[in-house]
Every structure is written in C-alpha cells, then in structure tokens.
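Okay, so here's the structure we're looking at.
The values are calculated or read from the model by the stated rules, or taken from the named source; none is laboratory data. Here the structure is a predicted model, which means the values were calculated and not measured. Virtual Cβ from ideal backbone geometry, glycine too; neighbours counted across all protein chains shown.
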Amino acid sequence: MQRLSPDKVSAMVVWLAHQDCQAEASIHEAGGGYFARLNWARSAPLFATEKEGVTEAPLPENIRDGEATLADFAGGDHPISGDGSMGAPNALEQVFGHLKSAPEQ
Amino acid sequence: MNDLRFDGQVALVTGAGRGLGRAHARLLAARGCTVVVNDLGSAFDGTGSATGRVADEVVALIQAEGGNATANYDSVENGQAIVDDVTATHGRLDIVINNAGILTPEVWSELTLESWQRTLNVNLTGVFSVMKAAWPVFVAQQYGRCIVTSSPAVYGAGVAAYAASKAGVIGLANSLQFEAKKLKLDIKCNILIPPSRYSDDSRLWRRCGRAPSSARQAGRPQGASGSHAAPVTR
C-alpha cells in the first residue's frame with residue numbers, strides 16, 4: 001500500500017495551487033503517481049418534441065426508442081464547469097433551433 | 001525545468017495534521033510557501049478530544065525541514081475563525097486546500113440521520129464556511145487558489161453520506177469558479193479526487209462495503225473510533 005501513500009497525491013495539489021496553473025473547475029484524479037482529468041460528457045441530443053409535424057410532449061416510448069442516441073457519446077459534447085452557460089451552448093442552440101423550425105400548433 | 005515556487009505566499013491546508021493534508025502542507029512549505037496547518041485533532045470520524053497535537057507535530061516537522069508554518073486548531077465549521085487567524089498571523093491568504101473531512105463507515109442500512117448530518121456539516125458545509133470567509137480575502141487580493149477534495153466514493157462505494165458530501169463539493173467548487181469568472185479575477189477553484197484506499201485505511205473501507213457479515217454478527221463496532229490508525233482525514 002506504500003505505493004498509494006499521501007505524498008504521491010500532493011504534486012497535483014501543489015500544481016493546482018500555483019499561479020501558473022490556469023485550470024478552472026477541473027476534476028483531477030491522483031494517486032500512486034497516477035493522474036487523470038475527468039470531463040463531463042453529454043450524449044448526442046435526442047429530440048422527441050414533434051410527431052408528424054405536430055409539436056407534442058415527449059412520451060416515455062420516445063426515450064425508450066432513443067436509447068441508441070442517448071448512448072452515443074461520440075456525437076455529443078463536453079459541458080464545461082463554471083462557465084455559467086449550463087455548459088451546453090451547442091445542445092441548447094440545437095433545441096431552440098429545433099423548436100423554432102417546428103410548426104406552430 | 002524551472003521549479004514551481006510559492007515564496008511570499010500563504011496557504012491554508014485544512015485537516016493537515018495527518019494523511020493527505022499533511023503531505024500537501026509539507027510539499028507547499030518545501031516550495032517556499034508559508035503554511036497554516038489546520039487540524040482539530042479529532043478522530044477520523046470526527047469524534048474524540050480536539051487537542052491540536054497533530055497540527056503541532058506537522059508544524060514542527062515543517063520547521064525542521066526548513067519551512068515556515070503555524071498551527072490552527074479551529075473546526076472547518078467555523079471557517080471565519082480559521083481565516084481570521086491566518087490573516088492576523090500572516091497578513092494574507094493565497095491558497096486554500098480544503099482537505100478536512102470525516103468518514104463514518106456505516107453501511108446504508110445502519111446510516112442514521114445524525115451521522116448523515118454530521119458528515120455533511122464537516123465535509124460540505126465546512127468547505128462552505130471556510131470559503132465564505134476566504135472569499136473576501138481572495139477578492140481584495142484579486143488572486144486566489146482553492147482546491148476542494150472530492151472522492152472516488154462519488155462513483156458509489158457504500159458510504160452514502162460521505163459520497164453525497166464529496167459530490168457536493170464538486171458543485172460548490174464549480175459555483176465558486178463561476179463567481180470568480182464573473183468578477184474577472186485570477187481566482188481558480190479546482191477539484192481533487194485522491195485514491196479511496198491508501199496506507200492502512202483499506203481496513204476501514206472494507207468495513208463500509210465489504211465487511212463479512214460474520215464480523216458484524218460478532219458484535220464488531222460499526223462506528224469509527226480513535227482506534228483506527230487510518231488517515232481518512234482529508
């Protein structure tokens with residue numbers, strides 16, 4: 001267990017504490033000389049707000065049938081913590097763009 | 001490779017009497033930082049007498065290593081007292097390493113509201129309290145570095161109160177970073193996830209999720225006590 005001694009973690013803390021470090025709201029794992037950065041990951045967006053041109057509330061079945069989309073992280077993005085935009089400008093723009101293009105009821 | 005130095009800066013490391021906090025304090029001091037070693041001196045589950053002895057030991061160690069350190073014994077639940085001590089003693093505060101924490105190793109079925117609240121009070125509200133006090137100092141200096149200590153327990157490890165508190169500090173740090181960006185100041189808040197198991201605290205973690213039922217049936221105490229030599233304070 002000596003390999004996981006506390007002093008193997010402190011290098012990350014000391015770097016994050018330095019004035020040269022510009023990381024913001026980053027999450028870092030550290031232990032035993034291993035270091036990694038964690039990101040948020042958002043899947044490809046699933047849109048289920050219209051059917052045959054009519055805007056309606058999404059159904060649970062839309063979610064069930066959208067599993068492939070919701071599991072598609074290659075088609076998603078990475079929200080950024082601390083930037084005040086819900087980290088989701090691209091996805092939100094897509095939602096609003098999608099709603100705008102949908103016909104009014 | 002130029003060394004990373006902290007000459008002229010002051011760091012507060014909470015829960016620095018043992019384990020991770022002690023290691024952070026020593027490395028910062030070795031790089032020229034003046035360090036305030038904060039530790040209540042209680043047991044790893046937050047109980048027991050608060051003697052401050054462990055903080056004194058780390059201060060003596062740092063001084064023997066040629067560094068500059070002072071001790072503080074206040075609870076992170078009283079962040080203003082800690083920060084007031086730091087600024088009165090050293091005149092500034094550049095770095096806050098929020099490391100103090102307690103772990104009460106009850107499995108879910110044994111977790112009480114009292115234990116849940118005590119864990120949240122120290123691990124989450126303690127960071128709130130310290131950062132609430134440190135923030136005006138950071139803003140006045142237009143500079144600050146804040147690190148919060150999360151845990152792999154947030155991925156799910158059989159310690160619900162601890163995990164909730166350690167997930168909570170992520171949201172808190174993100175929010176502080178948002179505030180700093182709003183103010184356009186050189187204040188950075190970041191999050192550390194150290195290993196869940198190091199030194200001999202694996203014994204304690206085994207009890208959280210993997211203790212054989214025979215051990216519990218044998219009447220083995222489930223609440224942590226001072227008998228643990230495990231450096232869970234972080």
B:Ile147 touching a strand residue (DSSP E or B) at 6+ places or on another chain (Cβ under 8 Å), without any contact (Cβ under 8 Å) to a residue 24 or more places away in the chain, closer than 22 Å to A:Leu16 by Cβ and within 13 Å of chain A (Cβ to nearest Cβ) = no
Residues of segment B:2-34 satisfying the condition of being at the interface with chain A (Cβ under 8 Å from one of its Cβ atoms), free of Cβ contacts under 8 Å to residues at least 60 places away in the same chain and either in a loop (DSSP other than H, G, I, E, B) or farther than 16 Å from A:Met12 by Cα (or both) | B:Leu4, B:Arg31
Restricting segment B:151-178 to residues that are more than 13 Å from every other protein chain (Cβ to nearest Cβ) and part of a helix (DSSP H, G or I), which is nearest to A:Asp83 (Cα to Cα)?
-> B:Gly168
Taking segment B:69-114 only, how many residues are in contact (Cβ under 8 Å) with a residue 40 or more places away in the chain, outside any helix (DSSP H, G or I) and over 16 Å from the mean Cα position of the chain (by Cα)?
-> 9
Looking at (1) of a type in the set (Val, Ile, Thr); (2) at pLDDT 90 or above; (3) part of a loop (DSSP other than H, G, I, E, B), can you tell me which one B:Val232 breaks?
-> (2)
Meets criteria (hydrophobic (A, V, I, L, M, F, W, C), touching a helix residue (DSSP H, G or I) at 6+ places or on another chain (Cβ under 6 Å), farther than 19 Å from B:Ile82 by Cβ and modelled with pLDDT of 95 or more) for B:Ala167 = yes
Scanning segment B:179-191 for residues that are part of a strand (DSSP E or B) and crowded, with 16+ Cβ neighbours inside 10 Å, the one farthest from the other protein chains (Cβ to nearest Cβ) turns out to be B:Ile187
So, of the residues in segment A:1-53 that are at pLDDT 95 or above and β-branched (Val, Ile, Thr), which turns out to be farthest from B:Asn174 (Cα to Cα)?
-> A:Val9
Every pair of residues 6+ apart whose Cβ atoms lie under 6 Å, when the first sits in segment A:17-38 and is facing chain B (nearest Cβ under 7 Å) and assigned to a loop (DSSP other than H, G, I, E, B) while the second is modelled with pLDDT under 95 and loosely packed, with under 14 Cβ neighbours inside 10 Å = A:Gly32/A:Arg3
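In segment B:57-68, what count of residues is obtained for those that are surrounded by 17 or more Cβ atoms within 10 Å (Cβ to Cβ) and assigned to a helix (DSSP H, G or I)?
At the first step, the residues of segment B:57-68 found to be surrounded by 17 or more Cβ atoms within 10 Å (Cβ to Cβ) are B:57-59, B:62, B:67.
Filter once more, keeping what is assigned to a helix (DSSP H, G or I): B:57-59, B:62.
Summing the residues that are surrounded by 17 or more Cβ atoms within 10 Å (Cβ to Cβ) and assigned to a helix (DSSP H, G or I) in segment B:57-68 gives 4.
Results for (1) more than 13 Å from chain A (Cβ to nearest Cβ); (2) of a type in the set (D, E, K, R); (3) within 23 Å of B:Ser150 (Cα to Cα), shown as yes or no for each residue.
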{"residue": "B:Thr70", "(1), (2), (3)": "yes, no, no"}
{"residue": "B:Glu77", "(1), (2), (3)": "yes, yes, yes"}
{"residue": "B:Ala81", "(1), (2), (3)": "yes, no, no"}
{"residue": "B:Asp84", "(1), (2), (3)": "yes, yes, no"}
{"residue": "B:Val96", "(1), (2), (3)": "no, no, yes"}
